[in-house]
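> Take this structure first; my questions come after.
The values are calculated or read from the model by the stated rules, or taken from the named source; none is laboratory data. Source: prediction; values computed, not measured. When we count neighbours, we look across all protein chains shown, and the Cβ atoms used for this are built from the backbone with ideal geometry, even at glycine. Heavy atoms of the whole protein, side chains included, go into the accessibility calculation; ligands, DNA and RNA do not. Shrake-Rupley method; radii C 1.70, N 1.55, O 1.52, S 1.80 Å.
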Protein chains: 2
Amino acid sequence: MTTAIAGSNIAFVKYWGNLDDALRLPMNGSISMTLDAAVTTTAVEFSPDFSADSLLLNEQPAAEAAVQRASRQLDHLRQLAGVATRAHIVSSNSFPTGAGIASSASGMAALTVAAAGALGLDLPEAELSKIARLGSGSASRSIAGGFVEWYAGARHDDSYAVQIAPPEHWDLVDVVAIVSAEEKEVGSTAGHPLAHTSPFYQARLGELQRTLPLMRKAIFERDLELFGELLEAEAISLHVASMTSRPSILYWTAGTMTLLHALRGWRQRGTAVGYFTIDAGPNVHILTERAHVPALLEQLGQLECVASTLVCAAGQGARVVG
Amino acid sequence: MTTAIAGSNIAFVKYWGNLDDALRLPMNGSISMTLDAAVTTTAVEFSPDFSADSLLLNEQPAAEAAVQRASRQLDHLRQLAGVATRAHIVSSNSFPTGAGIASSASGMAALTVAAAGALGLDLPEAELSKIARLGSGSASRSIAGGFVEWYAGARHDDSYAVQIAPPEHWDLVDVVAIVSAEEKEVGSTAGHPLAHTSPFYQARLGELQRTLPLMRKAIFERDLELFGELLEAEAISLHVASMTSRPSILYWTAGTMTLLHALRGWRQRGTAVGYFTIDAGPNVHILTERAHVPALLEQLGQLECVASTLVCAAGQGARVVG
């Protein structure tokens with residue numbers, strides 16, 4: 001049995017829409033931070049005694065669709081190792097599943113690294129990133145630690161993520177304000193194929209050509225203000241694409257809007273510093289520097305719509321821990 | 001003293017952004033319904049005894065900026081009449097000011113028609129529409145009754161609104177769910193000049209070339225389902241433009257999102273029929289046919305975030321009433 005741990009990641013420049021759905025080749029490059037405190041821990045054991053793959057997820061037998069998705073991911077690694085042995089997987093998240101914190105990112109990254117370890121495959125990080133990508137696009141980024149860029153590429157072999165700055169480069173923190181732990185209506189896997197139906201999607205892709213180099217610059221120079229401006233505009237751009245797809249997907253809830261307005265108010269009044277981003281779900285991620293966290297948490301504590309908060313710094317990449 | 005009454009209007013295809021800010025020539029044509037139960041009543045009296053224009057708005061002396069705006073509007077009519085006489089204006093709305101129900105539309109339409117009447121100007125409807133437009137773009141549409149299209153035009157003389165179907169053509173109803181009567185942060189006049197700063201604005205204008213003829217068709221054929229689909233996509237498109245402008249304007253509040261999700265839920269479960277649109281404010285306008293109103297009001301009554309509702313059918317155009 002091999003156990004791996006992987007952090008989820010928060011994308012500053014988001015992944016939305018595929019060039020190739022089956023290979024999960026994205027339409028655009030993306031940039032993220034791997035999180036230290038929102039992790040999946042996954043143990044994998046291959047044994048000729050097992051007649052089928054099985055998956056225990058958060059101490060419950062997983063739904064059939066989840067087992068099949070994990071099984072297909074193992075197939076990639078079994079193929080590389082030249083084996084057909086079935087596996088038992090035990091996986092658990094340190095955060096609620098399916099609520100806009102990318103559990104598929106940390107889950108697929110942890111599964112990929114654990115299974116590779118269990119099969120004795122010694123794969124370079126870029127290779128693990130490509131394989132993780134096949135299971136979940138954003139998982140490609142959770143293989144690397146710190147600040148990460150996923151190069152879009154145009155084929156399986158050139159679409160993978162790399163670290164562009166280590167965790168200690170910048171004491172940036174993601175304060176996740178969890179406004180709802182309910183399962184979202186449409187997962188991001190279902191959303192990606194709809195991206196191209198939005199009449200605003202091409203404008204989004206065009207705008208990203210401006211955003212990507214500026215976002216790299218903001219990170220390299222630790223320029224919080226430039227970073228925040230790009231972060232919020234890009235978050236809105238992602239949701240523009242989803243809410244204008246056909247059918248329209250509306251991830252924002254009442255709690256989301258309360259938080260966005262509150263955050264802008266705090267900044268204007270100087271009571272807290274932070275910038276929002278929102279994944280394919282209702283929760284609001286507030287990015288700020290470590291020194292601003294206490295004031296921010298105090299303000300968040302006064303909002304009824306915030307069910308809980310989770311503070312994550314930049315974390316390590318996916319790794320075998322036992 | 002001449003008194004006129006004008007209904008506000010709800011735009012199904014929205015006005016956002018100008019070709020010419022001073023003349024309020026819009027970048028795109030728009031389509032609306034003039035409302036029967038959200039009206040402004042305005043009395044105008046010109047007298048050589050007055051040394052300056054004055055304005056009593058909802059029984060209060062109006063702010064200086066509002067007086068100046070009204071005064072500039074009267075100037076257009078004084079110029080046509082060849083007089084310089086000052087006026088006293090008494091105006092009142094049947095709905096809260098500045099909360100996303102277009103008080104400037106009904107206000108400027110009523111003022112234009114009352115002042116033209118008081119000055120003895122006998123102007124055709126298209127001419128009144130052009131003059132109203134100079135004071136408030138959407139006021140051009142409130143001059144006409146029923147279902148109205150404002151032709152964008154490219155010069156003062158070809159940018160005006162006309163009736164495309166009379167009020168009795170379709171028993172469509174606008175159920176306004178008022179979630180907040182607070183003044184909004186950014187009025188639409190301040191928003192229009194920002195339209196061009198959105199990287200999504202050109203995509204919006206392109207999409208409108210598809211939307212406008214389909215919206216006309218939906219109205220002509222009283223096709224509620226096609227109408228509703230176009231209505232919601234267009235409302236989102238307007239807010240895409242505002243939330244992606246620089247600076248970003250976020251009109252939606254928690255109450256707005258609660259309503260959008262509730263409405264989609266009611267439709268899916270078949271408990272109420274209606275389609276949303278949202279102006280430059282937080283309130284949600286739900287368009288439906290008369291027969292569906294009781295069920296809709298019952299559902300709305302169960303939402304805490306709905307402060308009040310206002311039911312408006314298609315109304316007459318602006319007219320002198322005394």
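> Using 7 Å Cα-to-Cβ label points, what is the residue A:65/residue A:51 separation (nm, one decimal)?
Here the modelled spin labels are 2.7 nm apart.
> Can you send over the carbon and sulfur percentage of the accessible area for the range A:1-77, probe radius 1.4 Å, protein chains only?
After summing per-atom areas, the C and S share lands at 52 percent.
> So which residues in the range B:246-264 end up with at least 10 square angstrom less accessible surface once the other protein chains are there, compared with the chain by itself, probe 1.4 angstrom?
Going by heavy-atom accessible area, the residues of the range B:246-264 that drop by at least 10 Å² are B:246, B:248, B:250, B:252, B:253, B:254, B:257, B:258, B:260, B:261, B:264.
> What is the interface area between chains B and A, defined as buried accessible area summed over both chains with a 1.4 Å probe, reported in Å² to the nearest 100?
Roughly 2200 Å² of accessible surface disappears when B and A pair.
> Given the options B:261, A:26, A:247, identify the residue whose Cα lies farthest towards the positive end of the charge dipole of the protein assembly as shown (+1 on Cβ of Lys, Arg; -1 on Cβ of Asp, Glu).
A:26
> Between B:161, B:102, B:126, which gets the highest mean-square fluctuation from a Gaussian network model of chain B, Cα cutoff 10 Å?
Of the options given, B:126 has the highest mean-square fluctuation.
> About its Cα centre, how strong a charge dipole does the range A:2-168 have in debye, to the nearest 20, once Lys and Arg get +1 and Asp and Glu get -1 at the Cβ?
300
> Okay, moving on. What size of dipole, in debye to the nearest 20, comes out for the protein assembly as shown about its Cα centre when the only charges are +1 on Lys and Arg C-beta atoms and -1 on Asp and Glu C-beta atoms?
700
> Mind checking which of B:70, B:295, B:118 has the largest fluctuation in a GNM of chain B, springs on alpha carbons under 10 Å?
Comparing B:70, B:295, B:118 in a Gaussian network model of chain B, the most mobile one is B:295.
> Would you kindly work out, in nm and rounded to one decimal, the distances from the label point of residue A:50 to those of the same position in each other copy, ordered shortest first, with label points 7 Å along Cα-to-Cβ?
Sorted ascending, the copy-to-copy spacings read 8.5 nm.
> Between residue B:223 and residue B:298, take the C-beta separation as r, use R0 = 35 Å, and let me know the FRET efficiency to the nearest 0.05.
Working from the Cβ atoms, E equals 0.85.
> DSSP beta bridges in chain B, what fraction antiparallel, as a percent rounded to 5?
Restricted to chain B, the bridges split so that about 90 percent are antiparallel.
> Would you mind calculating the relative contact order of the range A:1-146 from Cα pairs under 8 angstrom and at least 6 residues apart, reporting the percent as a whole number?
After rounding, I find 32 percent.
> Separate question: In the Gaussian network model of chain A, springs joining C-alpha atoms below 10 Å, which of A:112, A:42, A:256 carries the largest mean-square fluctuation?
In this elastic network of chain A, the residue with the biggest mean-square fluctuation among A:112, A:42, A:256 is A:256.
> What nm distances, shortest first, do you get from the label point of residue A:61 to those in the other copies when the point sits 7 angstrom along Cα to Cβ?
Ordered by increasing distance: 7.9 nm.
> What number comes out for accessible area per residue over chain B if the probe is 1.4 Å? Units Å², please.
For chain B, the solvent-accessible area averages 37 Å² per residue.
> Take the Cβ-Cβ distance between residue B:162 and residue A:84 as r, set R0 to 56 Å, and report the resulting FRET efficiency rounded to the nearest 0.05.
0.15
> Can you tell me the relative contact order of chain B? Whole percent, Cα pairs under 8 Å, sequence separation 6 or more.
Relative CO of chain B lands at 26 percent.
> Does the range B:169-313 classify as rounded, prolate or oblate by the C-alpha gyration tensor (a ≥ b ≥ c root eigenvalues; a/c under 1.5 gives rounded; else a/b over b/c gives prolate, otherwise oblate)?
Verdict is oblate for the range B:169-313.
> Place +1 on the Cβ of every Lys and Arg and -1 on the Cβ of every Asp and Glu in the protein assembly as shown, take the dipole about the Cα centre, and give the residue among B:5, A:119, A:54 whose Cα lies farthest towards its positive end.
A:119
> Explain nothing, just the number: relative contact order of the range A:108-265, from Cα pairs under 8 Å at least 6 residues apart, as a whole percent.
Computed over the range A:108-265, the figure is 15 percent.
> Further question: If A:221, B:127 are ordered by their accessible area, calculated over protein heavy atoms with a 1.4 Å probe, which sequence runs from highest to lowest?
A:221, B:127
> Regarding chain A, what are the three Cα extents along the principal axes, ordered largest first, in Å?
Computed over chain A, the largest-to-smallest principal extents equal 63, 38, 38 Å.
> A follow-up question, please. Ignoring everything except DSSP H segments at least 4 long, calculate the 222 nm mean residue ellipticity for the protein assembly as shown; use -39,500 (n - 2.57) per segment, divide by total residues, nearest 500.
Taking each H run of at least 4 residues, the total per residue is -11500 deg cm²/dmol.
> About the Cα centre, and with charges only on the beta carbon of Lys, Arg (+1) and Asp, Glu (-1), how big is the dipole of the range B:169-313? Nearest 20 debye, please.
320
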